[in-house]
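Input: a single structure, listed below in structure tokens.
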Amino acid sequence: MPDPAPHQDSTAALQRVLGTLSYLLTRSRAHERHASQAGITAGRSDLHLLMALDDSGGVSRVGDLAALMMVEPPHVTRQISQLEAQDLVERTPDESDRRARRVAITPHGRAVLESFQAARLAGLRQALSDFDDADLDTTTAVLDRLVEYVRDKHMEELRPRGRGA
């Protein structure tokens with residue numbers, strides 16, 4: 001990627017790089033390459049849900065997963081049904097609320113996720129091999145803040161507004 005023009009500020013340059021990176025990372029071919037390297041056939045959205053579930057400690061309610069993924073609960077419910085059919089997740093009753101169900105990664109789901117993440121991590125390590133840990137820690141901190149900001153903005157948009165707002 002070319003260097004940003006001298007008149008661009010650092011935030012604009014970062015926004016451009018993030019847009020390009022987002023596009024490249026979500027390409028079907030990139031997913032297919034990593035999945036092939038990992039020896040798995042799970043789709044991108046399947047793995048994204050497994051990663052979100054893993055980020056939640058491996059077990060979560062559907063509504064909490066939907067909020068984390070910033071999608072509607074029915075979308076997650078449909079996807080969980082598909083993942084359950086592949087033995088990647090299982091549903092169990094929620095002990096604290098009999099109406100709710102909890103979703104957990106199965107051992108097979110964990111193995112699929114770990115295999116995929118290992119393939120992606122190998123490529124990322126290769127791409128970033130010239131950077132030291134301090135640079136990577138700073139980059140991680142910046143990106144974590146951006147993720148938090150986007151999630152907070154999403155939650156603000158979902159909050160009901162009062163009358164006259």
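The values are calculated or read from the model by the stated rules, or taken from the named source; none is laboratory data. Nothing here was measured: the structure is a model prediction, and the numbers come from that model. Every residue, glycine as well, gets a Cβ built from its backbone with ideal geometry; the counts of neighbours run over all protein chains shown. SASA here: full protein model, heavy atoms, side chains in, ligands and nucleic acids out. Shrake-Rupley method; radii C 1.70, N 1.55, O 1.52, S 1.80 Å.
Structure data summary
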item: Segment 62-145: radius of gyration over Cα atoms, expressed as a fraction of 2.2 N^0.38 Å; result: 1.46
item: Calculated FRET efficiency for the pair R29/T138, C-beta based, R₀ 25 Å, to 0.05; result: 0.25
item: Full-stretch length increase - A12, E84 - with 0.36 nm per residue and alpha-carbon distance subtracted; result: 21.7 nm
item: Local net charge near H31, Cβ-Cβ under 11 Å (Lys/Arg +1, Asp/Glu -1); result: +3
item: Extent along principal axes [Cα atoms of the chain; Å; largest to smallest]; result: 59, 55, 28
item: Whole-Hz couplings from phi, Karplus 6.51/-1.76/1.60, listed for segment 29-42; x for Gly and Pro; result: 4, 4, 4, 4, 5, 5, 5, 5, 4, 7, x, 10, 10, 4
item: Radius, Kirkwood style, for segment 8-65 when every pair of distinct Cα atoms is counted (Å); result: 13.6
item: Residue among H31, Q86, A111 farthest towards the positive dipole end of the chain, charges placed on Cβ; result: Q86
item: Heavy-atom accessible area order for M155, M51, largest first, 1.4 Å probe; result: M155, M51
item: Gain upon complete extension [H75, S96; 0.36 nm per residue less C-alpha separation]; result: 5.2 nm
item: Under 13 Å, Cβ to Cβ, from V89 - net charge with Lys/Arg +1 and Asp/Glu -1; result: +1
item: Accessible surface, per residue, of the chain when the full set of protein chains is kept, probe 1.4 Å, Å²; result: 72
item: Helix-derived mean residue ellipticity, 222 nm - over the chain, DSSP H n ≥ 4, -39500 (n - 2.57), to 500; result: -21500 deg cm²/dmol
item: Residue among H154, L121, M51 farthest towards the positive dipole end of segment 44-165, charges placed on Cβ; result: H154
item: Rounded percent of accessible protein surface that carbon and sulfur make up, segment 13-110, 1.4 Å probe; result: 50
item: Most mobile listed residue (D130, D152, D87) in the chain, GNM with C-alpha springs under 10 Å; result: D130
